[in-house]
Amino acid sequence: MLVQKRSFVFSTLFSLLVLVNLLVASKAWASTTSTRIMGADRYKTAVAISQTGWPDGAATAILATGEDFPDAISAAPLAHKYKAPILLTESAALNDDTASELKRLKVKKVYLIGGLGAISGNIESQLAKLSISTTRIAGLDRYDTSVQIAKALGSTKGAFVTTGLDFPDALSAAPVAAAQGMPILLVPPDTLPATTQAYLKSSKIPNLYALNGSNELSDNLVNQLPNAEIISGNDLYERNSNLIKRFADNLNFDSVYVATGSDYPDALAASALAQKYQAPVFLLPKDGVPDSVATLLGSKLVHDLTIVGGEAAISAQTASRLQSLPAQIVSVDAITDSVADKQKYQLPKTVPATLSDNSQVQVPVTWSLSSVNTGQSGSNNNVLYNNPDSTKTIYTYSGTIQDYAGTVTLSLTVDLAAGTVKFDTINAVAAQGFSYAFPSTVSGLLSDNTLQQYPVSWNVSATNTSLSKIGSYSFQGTVEGVSQKVTLSLKVVANQVVNIKDGNLAAAVRYQLTGLTYGNTLYLSDVLKITKLVANGKYISDLSGLDMFNNLTDLELGYNSLSDAGIVPLKKLTNLKVLILNNNSISSVASLSALTHLNTLYLAGNTITNYGPVKSYYNKLVFRDFSI
C-alpha cells in the first residue's frame, strides 16, 4: 500500500501510518540500453527481425513485396492474428535470404499480400516446392487490397484510415493496429472507394481513427467517415508521435522500436515484432530527432530501445541521442503500511517513482522476500522499532527497482490489538453450469469503521466449484486469525446475454476481462467474474447493463459523463462497498439510497444539492468527499 490517498482508498483500505525509511542515491539510475537490428539490405533486415522475435520458429509467415509499399503496408495486423513475422521478397522470385528464413522457421503456411504484380505466381510455385501452402490476399487495387486484409482479420473494435498515396501514416498505425487487431484502410485523398464504403457499412466498426496532416485526406473524405477521430500533426513525425500518445494506455514503453520514416520496409517488418510486446514504433529521419519524438520519449521509462535498420537508415549520431532521451527514475516515494498481527500480508507489486521530467509513475519492485509472516519473531523480520508500551511493532523490508541504483525500504506496522471484527454475509451470483471462484479474502469491519482484508477458507473441496442447478446455496468460511465465521450466500441463475449500451463502458469491461477493448458478446458468466471495475475518465454516459454485475464491490466511475438517468442501474448493486462518481453530471442521488454497504462514496464535482437519499448511511462512510 502506497502513501497516496486514492491508492489507499481504492486498493486495500488498510490503516496507514506514515513511518518510513527510504534510501535514495544521488542520480541513482541506469541508462536505457540500445541495440540495433539490421541486415545488408531490407530483406536481410526483415530476416534479422524474424530471427529476433521468433527464435523457435513460427507456423505462419506474412510475405510482402519489398519493392513498393501500397499492398505491403496494410499487412501488419495479420501478424497479430497469426502470431507471424513479416518477411519481404522481390516480386519476380522468392528472395534467397527470405527462403532460408522460412526454412529455419519451419513455416507451414504463408499469406501473400497483394496481386501477381506484387508477388508473382513463380513465388507461389517456389513456396510449394518448400512444402509451404499459400493464401493470397489481394484486391483490384491498393485500396481494395486493404479492405480484403480487413475482412481476413474478422470482427474488430476499430480501424485506422490513412492515405494510400504515401506510406508514413500507415506505418505509424501499423504496430498499434497490429497489437489491437485493427485493420488499416488505405484511401485516396478525395473520396472513399465503393469497396471501402461497403466494408464500413457491413462491418459496423465502432471506432475509426483517421491520420491526417494538412492535405493527406480532404475534408470531403473525412466527412464520409462517421464519427472518425482525427489524429493530426504538422508532419509525418508529429503525427507518429501523436498517434503513439493517443494509444499510450494500450502500449508498453518498456521496450520501444525506432525505424526510418523515409522508406517503408524496416518499419513494416518491425511492426510485427513490436506488436508481440505491445511496443510503439517511432519513425525518424536519418539524422536528428524531431521535437515531438524527443518530448514523448522524455516522459517515458524505456528499458530497451531497438533501432531497426543500419546507419544509412538511422545514423549513429541519432542513435546516440535517442539513448539519452527517455526519462529516468530520480527518486522513489516513501512507502508505509500496516497490518494486524499474524495476518498474511501481500507486499506491493509497484511503488510510486518520480522521473527526470518531474512526473510520477508506478514502477514494479522486487522485494528481498516473497511473502511476509507478521507472526514471526522480530529477529526474523528485521524489527526497526518496538516500543514495549505499545501494541505495535514496525518491520522493514528492502526492495530493488529495475534501472534504479537506490534501495527502497517499506516500513510495515503490525498491530497486536486488532479488536473485534464484523463480517457481513457475502451475497454472490453465479451463472448456471459455470465455475464459481470463492473469494480468497473477505472484508472485515473494524471498530473504527475501516475495512481490513482477511484470508478465508471455505467448507468446499476446492476454492472453485461448478454448480449445475438453479437455486440458492450457503457456505461457511473460516477467517484466519479471528474466531468469527463468515457466510457466503450464492444464488445460481441461468446464463444470459448482457447488453451494455454504452460502448465506452463495454470497452472498459472487456479490457478488464481480456486485456482488449473489443471482443465477442458478453454473457452473465463473464461479468460475474468482476468484483472491481475501474473506468475513470472514459466518457461513459449510460450504465445500462451494469445492474447485472451482481458481484461488484468496488466501482470507480469518476470524470465521466453520467447523468441522473445514467446511474439508475446502480440501484441493484447492493454489494458495493466503494463507489466513485466524482466529476460527472449528476444532480440527484436517489438511485444510491439502497447502497447501505458502502464504506467509500465520492460525489464531488457534480451538481447535487440534496444528499437526503444517502443520509441513512452517511455516518458509516469512512471515506467521502462531500458533507451533509
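Read the figures in this text as sums done on the coordinates, not as results from a lab. No experiment lies behind these values; they were computed from the predicted model shown. Methodologically, a virtual Cβ is constructed for each residue, glycine included, from the backbone with ideal geometry; neighbour enumeration extends over all protein chains shown.
How big is the gap, in Å, between the Cα center of segment 161-208 and the Cα center of segment 509-534?
27
Using 0.36 nm times the number of residues separating SER593 and LYS201, minus their current alpha carbon distance, what extension gain do you get?
Stretched fully, the SER593-LYS201 segment lengthens by 136.8 nm.
Using a Förster radius of 35 Å, what is the FRET efficiency between LYS572 and GLU480 based on their Cβ-Cβ separation? Nearest 0.05, please.
My answer for the efficiency is 0.65.
Using a Förster radius of 35 Å, what is the FRET efficiency between ALA40 and ALA92 based on their Cβ-Cβ separation? Nearest 0.05, please.
Result of the calculation: an efficiency of 0.95.
Name the residue from ASN575, TRP458, SER563 whose Cα lies farthest towards the positive end of the charge dipole of the chain, charges +1 on Cβ of Lys and Arg and -1 on Cβ of Asp and Glu.
TRP458
What is the distance in Å between the Cα centroid of segment 313-364 and that of segment 96-134?
After rounding, the separation between the Cα centres reads 45 Å.
Assuming a ≥ b ≥ c are the square roots of the Cα gyration tensor eigenvalues, decide whether segment 33-324 counts as rounded (a/c under 1.5), prolate (otherwise, with a/b larger than b/c) or oblate.
The shape class here is oblate.
Leaving out same-chain residues fewer than 8 places away, which lysines sit with a Cα under 16 Å from that of LYS151?
Cross-link targets: LYS81, LYS201, LYS204.
Which of PRO613, ILE586, THR600 sits farthest toward the positive end of the charge dipole of segment 550-622, with +1 on the Cβ of Lys and Arg and -1 on the Cβ of Asp and Glu?
Sorting the options by dipole projection puts first PRO613.
May I ask for the net charge around ALA76, where only other residues with Cβ less than 14 Å from the Cβ of ALA76 are counted and Lys, Arg are +1 while Asp, Glu are -1?
Taking every other residue near ALA76 into account, the sum is 0.
Size of the dipole of segment 488-615 about the Cα centre, Lys and Arg at +1 and Asp and Glu at -1 on the beta carbon, nothing else charged, in debye to 20?
220
Please give me, ordered by residue number, the trypsin sites (Lys or Arg not before Pro) of segment 596-628 that lie in loop per DSSP and have at most 16 other Cβ atoms within 10 Å.
LYS620
So how do 599-609, 81-91 stack up, highest first, on mean other-Cβ count within 10 Å?
Averaged packing, sorted descending, gives the order 81-91, 599-609.
Stretched out fully, how many nm does the piece from THR607 to LEU165 gain, at 0.36 nm a residue minus the Cα gap?
Full extension of this stretch gives 154.1 nm more.
With the crude spin-label approximation of a point 7 Å out along Cα→Cβ, what separation in nm comes out for ASN122 versus ASP291?
Result: 5.1 nm between the two label points.
List the aspartates and glutamates whose alpha-carbon lies under 17 Å from that of LYS129, not counting same-chain residues fewer than 8 positions away?
ASP96, ASP97, GLU101
Given a Förster distance of 25 Å, report the FRET efficiency between VAL222 and ARG246 from their Cβ-Cβ distance, rounded to the nearest 0.05.
0.90
With point charges of +1 on the Cβ of Lys and Arg and -1 on the Cβ of Asp and Glu, referenced to the Cα centre of the chain, which listed residue (ALA494, LEU322, THR521) lies farthest in the positive direction of the dipole?
ALA494
Using helices alone, what [θ] at 222 nm do you get for the chain, with -39,500 (n - 2.57) per DSSP H run of 4 or more residues, divided over all residues and rounded to the nearest 500?
So the calculated ellipticity at 222 nm is -6500 deg cm²/dmol.
Taking 1 over the mean of 1/r across every pair of different Cα atoms in the chain, what Kirkwood radius in Å do you get? List each step's numbers first, then the result.
On the way: mean 1/r = 0.0362 Å⁻¹.
Taking every pair of different Cα atoms in the chain, averaging 1/r and inverting gives 27.6 Å.
By how many nm would the segment from SER324 to ILE230 grow when fully extended, if each residue of separation counts as 0.36 nm and the alpha-carbon distance is taken off? Don't skip to the end; give the middle numbers.
On the way: separation 94, 0.36 × 94 = 33.84 nm, distance 3.14 nm.
Here the segment from SER324 to ILE230 would lengthen by 30.7 nm.
Could you give the nm distance between label points at THR134 and THR521, where each point is 7 Å from its Cα heading toward the beta carbon?
4.0
At a Cα cut-off below 19 Å, give the lysines reachable from LYS615, other chains included and same-chain residues fewer than 8 away excluded.
Qualifying lysines at Cα under 19 Å: LYS571, LYS572, LYS577.
Given Cβ point charges of +1 (Lys, Arg) and -1 (Asp, Glu) and nothing else, what value in debye, to the nearest 20, does the dipole of the chain about its Cα centre take?
Dipole size: approximately 2100 debye.
How many nm is it between the label spots at ALA194 and VAL460, if each spot is 7 Å from the Cα in line with the beta carbon?
In this crude spin-label approximation the distance works out to 5.9 nm.
Compute the relative contact order of the chain as a whole-number percentage, counting only Cα pairs closer than 8 Å that sit 6 or more residues apart in sequence.
Relative contact order for the chain comes out at 11 percent.
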